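Have a look at the structure below, then the notes.
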Amino acid sequence: MNTIQDLFSGFMSFLRGMKITGANLGRDKTTVLYPYEKADVAPRYRGLFVLPFNEANGRLNCTGCTLCIQACPTNVITLTKLGAGKHGGIQDFQMDLGRCMFCNLCVEACPFEAIEMTTQFELASTDRNVCVFPLTSLAQGGAAAAEKNYNTISTALAAEAAEKAAKAAAAGESGGHGAAHAPKEGA
Ligand code: SF4
Ligand code: SF4
């Protein structure tokens, strides 16, 4: 008797399952055959971060202030500064993906909008060394953008140094003339 009841119960359960399957057959599917098909990623998804290239200034916005490094809880970022002052920037900027938890704290800490999250999420690799992204990978525009950034900053720094040197020379010259025309002590 129990066997017949079990069979009946099992059959009813099967019918209930098929009813749900039938009801969903006509609906739009919500799954995709990844990686052959890809679903849309929400715009605020946090994937790999990048350093946007500022076309107007011909350089990256990053000044090398290190605020993002100080904000990062897992020591993901390292950088090499290039120059200082109003033209200061970066020569290199590295991100260790294996340590990043995509918390966005670095982006929030940056006062120059020099770092931003992207929706790029396919970052897996079998090579651990590939997880360290250099500036040429992080700069929007790649190696060409990194090179332009270097050239723009170097040129601005050189011009600034030349201007300072010229001003110092002019000041020295006028100081020299002044000394020549100054009345001699005891004269
Ligand atoms: S997203 Fe978070 S963990 Fe990743 S680099 Fe930025 S601050 Fe560090
Ligand atoms: S990304 Fe922003 S916070 Fe980080 S060093 Fe560059 S300017 Fe400073």
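The values are calculated or read from the model by the stated rules, or taken from the named source; none is laboratory data. Owing to the predicted nature of the structure, the values given are computational and were not obtained by experimental measurement. Neighbour counts run over all protein chains shown; Cβ positions are idealised from the backbone, glycine included.
The listed residues are Asp92, Asp40, and the only one of them that is among the acidic types (Asp, Glu), more than 14 Å from ligand 1 (Cβ to nearest atom) and under 30 Å from Ala159 (Cβ atoms) turns out to be Asp92. Just one of the listed residues (Gly17, Gly64, Gly22) is out of contact with any Gly (no Cβ under 8 Å at 6 or more places or on another chain), modelled with pLDDT of 95 or more and not charged (D, E, K, R), and it is Gly17. Every condition in (1) part of a helix (DSSP H, G or I); (2) among the small types (Gly, Ala, Ser); (3) out of contact with any Cys (no Cβ under 6 Å at 6 or more places or on another chain) holds for Gly98 except the one numbered (3).
Among the residues of segment 70-83, is there at least one that is within 18 Å of Ser137 (Cβ to Cβ) and either part of a helix (DSSP H, G or I) or basic (Lys, Arg) (or both)? Looking through segment 70-83, none of the residues is within 18 Å of Ser137 (Cβ to Cβ) and either part of a helix (DSSP H, G or I) or basic (Lys, Arg) (or both). Remark: pairs (first residue in segment 103-120, of a type in the set (D, E, K, R); second residue more than 8 Å from ligand 1 (Cβ to nearest atom); Cβ separation under 7 Å; 6+ apart in sequence or on different chains) = Glu113/Asn61; Glu116/Val50; Glu116/Pro52. Considering segment 113-154, the residues that are at pLDDT 95 or above and exposed (fewer than 13 other Cβ atoms within 10 Å of the Cβ) include one that is farthest from Leu51 (Cα to Cα), namely Asn151. Examine segment 17-28 for a residue that is surrounded by 10 or more Cβ atoms within 10 Å (Cβ to Cβ) and either closer than 26 Å to Ala124 by Cβ or within 16 Å of ligand 1 (Cβ to nearest atom) (or both), and state whether such a residue exists. Checked against the condition, which is being surrounded by 10 or more Cβ atoms within 10 Å (Cβ to Cβ) and either closer than 26 Å to Ala124 by Cβ or within 16 Å of ligand 1 (Cβ to nearest atom) (or both), segment 17-28 yields no hits at all.
Residues in segment 84-95 that are surrounded by 14 or more Cβ atoms within 10 Å (Cβ to Cβ) and either at positive phi or outside any loop (DSSP other than H, G, I, E, B) (or both): His87, Gly89, Ile90, Gln91, Asp92, Phe93, Gln94, Met95.
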